[in-house]
1. Go through (1) assigned to a helix (DSSP H, G or I); (2) surrounded by 14 or more Cβ atoms within 10 Å (Cβ to Cβ); (3) not basic (Lys, Arg) and name the single condition residue 230 misses.
2. What's the number of the condition residue 374 fails, among (1) modelled with pLDDT of 80 or more; (2) open to solvent by 50 Å² or more (accessible area, probe 1.4 Å); (3) over 28 Å from the mean Cα position of the chain (by Cα)?
3. Quick check on this structure: which one of 273, 300, 285 is open to solvent by 10 Å² or more (accessible area, probe 1.4 Å), among the hydroxyl-bearing types (Ser, Thr, Tyr) and touching a Gly at 6+ places or on another chain (Cβ under 7 Å)?
4. Looking at the structure I just gave you, is residue 207 farther than 23 Å from residue 162 by Cα and not in a helix (DSSP H, G or I)?
5. Anything in the range 204-223 that is among the aliphatic types (A, V, I, L, M) and farther than 29 Å from residue 284 by Cα? List them, or say none.
6. Tally up the residues in the range 59-81 that are modelled with pLDDT under 80 and buried (at least 18 other Cβ atoms within 10 Å of the Cβ), please.
7. Go over the candidates 322, 337, 314 one by one and state the one that is closer than 20 Å to residue 136 by Cα, surrounded by fewer than 20 Cβ atoms within 10 Å (Cβ to Cβ), of a type in the set (A, V, I, L, M, F, W, C) and under 27 Å from the mean Cα position of the chain (by Cα).
Amino acid sequence: MSSTVVVYSRDEHLLEAIQGDYQWDCRFLRRDALDEPADVRGIDQFILDITNMDADKALAFLDAVNFQRGVVMVAEDFPDELMDAAMTRGVRHFITKPALSGQMICTVRAALRENAGRAAGCRRDEAENAPSLVVGVSSAMRELRDQAATLANSDISVFITGESGVGKEAAAREFFRQSTRHKARFVPVNCATLGSLAESELFGHTRGAFTHAVRSTQGFVGAADGGTLLLDEVGELDVRVQSKLLRFLDSGEYNKVGESDLRKADARIISSTNQDLWAMSREGTFRKDLLFRLAAAVITIPPLRERPEDIPVLAEHFLSELRPSKDRPRRISSQALSCLRQYHWPGNARQLRQLLYLTSEKCEKRPIEAADVARELRVWEAADNDVPPATYQETKQQVLRKFDMQYFSSILSLSKGSLNQSLSLTGMHKKNFYTKLQELGMDRKSVAA
C-alpha cells in the first residue's frame with residue numbers, strides 16, 4: 001500500500017531528493033501552510049524543514065500532530081534544546097542539510113517502517129488491555145479467563161458446555177479476542193435454527209443446486225476463513241452434516257452443495273451446547289469421532305446459581321451496557337443486589353440481563369431497589385411454578401406473561417434476530433413489537449443469539 005509523505009519546506013529541491021520509484025506519494029507544501037491547522041488524515045509521514053524557522057512554531061506543529069504521525073526534521077543545525085524538545089514529542093529522525101538523496105530516502109523509509117511497527121504495537125496493546133468478555137470474580141470465571149489466555153493462540157478446537165444462558169458465546173468471543181485471528185471474522189452460527197438447510201448454510205451452495213437456490217452463497221465456513229467459527233448448539237446438526245463437518249475438521253476441505261470441486265478454508269472451530277453430547281454419542285444421534293474432534297479442549301461454565309459472587313459484577317456490567325441507549329439508572333442498591341444473589345437463576349446470566357433491562361425501564365432515572373427486583377422475580381416464580389397469585393387478574397397476568405416469554409423467544413430464535421422476519425411471523429407493527437419486547441425485558445439481538 002502506498003504511503004503519503006508531506007514535505008513542509010521553502011526548498012523545493014527537498015522534494016526532488018526523495019521522489020523516485022518508491023512506495024510513497026510525495027506532496028510539497030510551502031512552510032507558510034503551517035499557519036493552517038494541521039490535518040493529519042491520510043498522511044503517514046511529515047518532513048519538516050525548520051531551516052531559519054522559529055523554534056516555538058516548529059514545536060507547536062509537533063504538538064498539533066501529537067504522535068499521530070511520524071515527523072522527520074530537517075535543518076542546517078539542531079540546537080540541543082530544540083532537539084530535546086522535539087524528541088519528547090516523538091521525533092526520532094533528524095537530517096542536517098545539505099543531505100544526499102540516498103540518505104533522505106533511507107531515513108524516510110526507516111521512519112515509515114517505525115511508524116507501522118508502532119501502530120501495530122498500539123493495536124496489540126489495545127487488544128491486550130481491553131476488558132475481558134468473561135465477566136466475574138468467581139474461581140470458575142478466573143479459571144476460564146486463564147484458559148482463554150492459554151489456548152487462545154492455538155488452533156485447537158474448543159468445546160464449551162453449560163446451561164442455556166451461562167455465557168458460552170461470550171467465552172467463545174474471548175478466545176477469539178485474544179487469538180492471533182482477532183483481526184479476521186468471528187462468525188457465530190446457531191445450529192438449532194438451520195434445520196434442513198444446515199449443509200448449504202454451513203458450506204454454501206451453487207446457483208441452481210436446489211429449488212429456490214437463485215444465487216450462489218459463500219456459507220458460514222467460507223465466511224470464517226482466516227477467523228473463527230462458533231457452532232452454537234452443535235448437537236442439533238443431523239448426522240449427514242456431521243460427517244461433512246468432520247471431514248472439514250480433519251482436512252480443511254469441503255464442497256459447496258451442488259459443486260464437485262474441493263474448497264479449502266482455514267477457520268478455527270469453537271462449538272458449544274447445553275446438551276449431553278456424550279450421551280447422544282452413545283445413543284447414536286451424534287458421531288463419536290466428531291465429538292472427539294470438537295472436544296480437543298473442553299470448557300465447562302458453571303450455572304450462575306453456583307457462583308453467586310459473580311452476580312453483583314454481572315449486574316453492574318449489564319447496567320453499563322444498557323446505559324448508552326437511554327437514560328437508565330446508573331446505580332443499583334445493595335439491597336437489590338442481595339435480592340439478586342438469593343435467586344436461583346434458571347435462565348442464568350441471560351435471565352439476569354433481561355431482568356435488569358426490564359427493571360431499568362420501569363425505574364426510569366432512580367436507582368433499582370430491592371422491591372423492584374422482588375416484584376419481577378415473583379412474576380417469574382409464579383410463571384415457572386404455576387403458583388396462582390392472590391387474585392384473578394394477577395393469575396391471568398402471569399399466565400399471559402409466560403406465554404409471551406415463550407412465544408417471543410421462539411420468534412426471535414426462528415428469525416435469528418431479523419426485524420423484518422419477526423414482524424412477518426408475528427403480524428405485528430414495528431412499534432407494537434418493540435413495545436412488547438420492552439415489557440418482557442427482551443433484547444432482539446441478544447435473545448436471538
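The values are calculated or read from the model by the stated rules, or taken from the named source; none is laboratory data. None of these values were measured; they are calculated from a predicted model. Cβ sites come from the backbone with ideal geometry, for glycine too, and all protein chains shown count toward neighbours. Just the protein is used for accessible areas: all its heavy atoms, side chains included, with ligands, DNA and RNA removed. Shrake-Rupley method; radii C 1.70, N 1.55, O 1.52, S 1.80 Å.
1. Going through the list (1) assigned to a helix (DSSP H, G or I); (2) surrounded by 14 or more Cβ atoms within 10 Å (Cβ to Cβ); (3) not basic (Lys, Arg), residue 230 breaks only (1).
2. Of (1) modelled with pLDDT of 80 or more; (2) open to solvent by 50 Å² or more (accessible area, probe 1.4 Å); (3) over 28 Å from the mean Cα position of the chain (by Cα), only one is false for residue 374: (2).
3. Details: 273 fails: open to solvent by 10 Å² or more (accessible area, probe 1.4 Å); 285 fails: touching a Gly at 6+ places or on another chain (Cβ under 7 Å).
Being open to solvent by 10 Å² or more (accessible area, probe 1.4 Å), among the hydroxyl-bearing types (Ser, Thr, Tyr) and touching a Gly at 6+ places or on another chain (Cβ under 7 Å) holds for just one of 273, 300, 285, which is 300.
4. On the way: farther than 23 Å from residue 162 by Cα: yes; not in a helix (DSSP H, G or I): yes.
Spelling it out, residue 207 is indeed farther than 23 Å from residue 162 by Cα and not in a helix (DSSP H, G or I).
5. 209, 213, 214, 223
6. Number satisfying all stated conditions: 5.
7. Just one listed residue meets the conditions, 322.
Every residue, every condition in (1) of a type in the set (Phe, Trp, Tyr); (2) at pLDDT 90 or above; (3) open to solvent by less than 10 Å² (accessible area, probe 1.4 Å); (4) within 16 Å of residue 297 (Cα to Cα), yes or no:
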site	(1), (2), (3), (4)
146	no, no, no, yes
171	no, yes, yes, yes
175	yes, yes, yes, yes
180	no, no, no, no
